[in-house]
1. Each label point is 7 Å from the Cα along the Cα-to-Cβ direction; what then is the distance between the points at Thr104 and Glu28, in nm?
2. Percent relative contact order of the stretch 17-63, based on C-alpha pairs within less than 8 angstrom and at least six residues apart?
3. Provide the FRET efficiency to the nearest 0.05 for the Ser192-Glu128 pair, computing r from the beta carbons and using R0 = 45 Å.
4. Using +1 on the beta carbon of Lys and Arg, -1 on that of Asp and Glu, and nothing else charged, what's the dipole of the stretch 1-67 about the Cα centre, debye to 20?
5. Could you tell me whether the stretch 187-278 comes out rounded, prolate or oblate from its Cα gyration tensor? Rule is a ≥ b ≥ c as square roots of the eigenvalues, rounded for a/c under 1.5, then prolate if a/b exceeds b/c, otherwise oblate.
6. For the stretch 1-92, what does the alpha-carbon gyration tensor say about shape, rounded, prolate or oblate, given a ≥ b ≥ c as the root eigenvalues, a/c under 1.5 as rounded, and a/b over b/c as prolate?
7. Rounded if a/c is under 1.5, else prolate if a/b is larger than b/c, else oblate: which is the stretch 32-77, with a ≥ b ≥ c the root eigenvalues of its Cα gyration tensor?
8. Within 12 Å, Cβ to Cβ, of Leu177, how many net charges do the neighbouring residues add up to if Lys/Arg are +1 and Asp/Glu are -1?
Amino acid sequence: MELKLVDYTSPFHFGEFIEFLHSNQSLEVVILDLQFSEGSKRISPERKASLPQLQRLMFTCGSASDARVLLSWVSLRRGSHIAIRGSQSNSSADLASFLPSPPTPIRDLLTPITTIKYRYDSFHALGEGQFSFQPSKHTPTLYEGLGLFVTGAIRELHITYALDSGGIYLTWPMERLPALEALVLSETHLPSGSLSALAKEGPLCPSLKTIAFFDCEVDEDVIKELEEVLAKRRDSTAARLYRVVIVNPTHALPNPQLIRRLKKFVLRVDVGVGDELPALL
């Protein structure tokens, strides 16, 4: 069964809506344009809405508190797909304000998370279930998302956002991803020094095996910096990086000479024109 309530201008009564959901436990998909009357949110419902069959809960909300109370009072099954989108009237990009405090119920639904995808306009966590957050006006922070969820099992990280020249932007997440095996940089500018976090002593992400570039301008300067990173990691206690993947639908590919240089440091270099990456794990 599917429930779809969109384009409603009158706020719902929170307690009555929770009771309505509880009386429809066979729901598999719920799509909402969410708005609760302010006074009704201050009164706790008699019980949680149990939705044991639910596969997808997707809602747009103008108030972070509407999302927070709904997720606090709905009991979902493991493996559910939860998608939150801020409406044009909501300027908040603070993910924590949209989740129960502490976010344990949502965290437990997703654990173990194996993949994080962070874009300039959204945050996605994929594991046994899926979670996505897309604010309407401001960019969510990768730091915040990683801080809210259990990250010890994350094996794949995708970043679609401009990197900084000091490598700080990569350092913070990589310090928190001990099991990371594949790092994907997509549609992003790669200034000098942006990959320096990969060469830090420690080392960061000792299990890292693959670095992939999708729709990035991988020129001679980037290749040179990547060579330095690969050399330092080869001489460290980290697992040796095994693979570099470069796929471009729009940018020119590195010339054969640059590819041959990379092959001195990794066993496999995959280069091609295309609209998607190959399997990385």
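Every read-out reported here was derived from the displayed coordinates using simple, explicitly stated rules and does not represent laboratory data. Computed from a prediction, not measured in an experiment: that's the story for all the values here. Methodologically, a virtual Cβ is constructed for each residue, glycine included, from the backbone with ideal geometry; neighbour enumeration extends over all protein chains shown.
1. 3.2 nm
2. 58 percent
3. E(calc), rounded to 0.05, equals 0.70.
4. Magnitude of the dipole: close to 200 debye.
5. prolate
6. oblate
7. Oblate, since a/c reaches 1.5 and b/c is not below a/b.
8. -1
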